[in-house]
1. Tell me, yes or no, whether region 241-249 has at least one residue that is among the acidic types (Asp, Glu), closer than 30 Å to residue 114 by Cα and free of Cβ contacts under 8 Å to residues at least 24 places away in the same chain.
2. Mind listing whichever residues of region 287-300 are over 18 Å from residue 201 (Cα atoms) and surrounded by fewer than 21 Cβ atoms within 10 Å (Cβ to Cβ)?
3. Test residue 191 against the stated conditions and say whether it is on the phi > 0 side of the Ramachandran plot and of a type in the set (Gly, Ala, Ser).
4. Being in contact with a helix residue (DSSP H, G or I) (Cβ under 7 Å, 6 or more places away or on another chain) and within 22 Å of residue 112 (Cβ to Cβ), is that true of even one residue in region 146-160?
5. What is the residue count in region 254-273 for residues that are in contact with a helix residue (DSSP H, G or I) (Cβ under 9 Å, 6 or more places away or on another chain) and assigned to a loop (DSSP other than H, G, I, E, B)?
6. Looking only at residues in region 9-59 that are at pLDDT 90 or above and among the hydroxyl-bearing types (Ser, Thr, Tyr), which one is nearest to residue 72 (Cα to Cα)?
7. Checking residue 152 against (1) in the same structural domain as residue 93 (by TED's automatic domain parsing); (2) exposed (fewer than 14 other Cβ atoms within 10 Å of the Cβ); (3) of a type outside the set (Phe, Trp, Tyr), which test does it fail?
Amino acid sequence: MGHYSISQRRWHLWHSDSFIRIRIKSQLMKIGLIGTGLMGQALSHHLLAENQPLVVFNRSLEKCDELKARGAAVATSAQALVEQSDICLLFLSDAKAISSVLDDIDDAAFKNCLLIQMGTIAPEESRSLAQRVRATGGRYLECPVLGSLPEAGSGKLILMAAGKKTDYKAALPLLELIGHEPQYIGDIGQGATVKLAMNQLIAGLTASFALSLALVEKEGIATEQFMKIVRDSALYAPTFDKKLSRMIERDFSEPNFPTKHLAKDTRLFLSVANELGLDTSALKGIELLLQKALDMGLDNTDYSALMAAVSPKES
């Protein structure tokens, strides 16, 4: 069966052992994506594999070369991309980078485009961006994602959308192609809040596992015996096995999520939580470990490099 545009809603019917997929055609949606870093690249590959027409832009245009070879159109500027897009996905590293890109776009360009911010930023930063875009007559939806390169490349990201319900419904056919069962959280800022809460768990689980694993190593206990006990317990989390070999071998190359980004997100969480009067003592210790990893030159490595900060491998 051939491919259709993402604006086609997919309905699934099961009858006995047969799987019938019904696709309903509707107007072709013009998709733009700004920010072709690790996640932007992976998601773009997925959209192109689904035969979706896609236009991309990155401030370093050479990062678009591979996507161009795969069939994506490359815009010469952020404004040119927004002007030819019904929906524009923003996959930029932080609020500063987003503002820098928006500064280069004339207000009039936003009027026919829905901007979907998919990076990890603070709730108040997202609210400010929404106000800025809406003041021009544009539409804004936040939809940060949970998952890394494999999930982005296979359309299995976890999506946390927030904003006007009408904008969410307009974007839903695309969101359903990007992730499994997109979640509508509520008002602008609430999706960003949930994303920070999830990334705090990433930092906490990874740091705690690294410390326990390091202790076992120091005492000469077989790692697999330790892991069997962990796997059989209520304490087990799948991320432990995902990061186990990296931590044992101290091989943090080819990251799905770099240490520098987890450090940035941890600082964002601390800032927001402190403003709300939460006790962040435990997370402050993890922030120090992340900073230690950055000081060791591990900023662009996988965030399992927390193990190197906890217990550098003995030579």
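1. Residues of region 241-249 that are among the acidic types (Asp, Glu), as a first pass: 241, 249.
Then drop every residue that is not closer than 30 Å to residue 114 by Cα, which leaves none.
No, because not a single residue in region 241-249 is among the acidic types (Asp, Glu), closer than 30 Å to residue 114 by Cα and free of Cβ contacts under 8 Å to residues at least 24 places away in the same chain.
2. Listed by number, the residues that qualify are 292, 294, 295, 296, 297, 299, 300.
3. no
4. Keep residues of region 146-160 that are in contact with a helix residue (DSSP H, G or I) (Cβ under 7 Å, 6 or more places away or on another chain), which gives 146, 149, 152-155, 157, 159-160.
Right, trim to within 22 Å of residue 112 (Cβ to Cβ) and you get none.
No: zero hits.
5. Going through region 254-273 one residue at a time, the tally reaches 3.
6. 44
7. (2)
The values are calculated or read from the model by the stated rules, or taken from the named source; none is laboratory data. Because the structure is a prediction, the values reported are computed rather than measured. Glycine also receives a Cβ, built like all others from the backbone with ideal geometry; neighbour counts cover every protein chain displayed.
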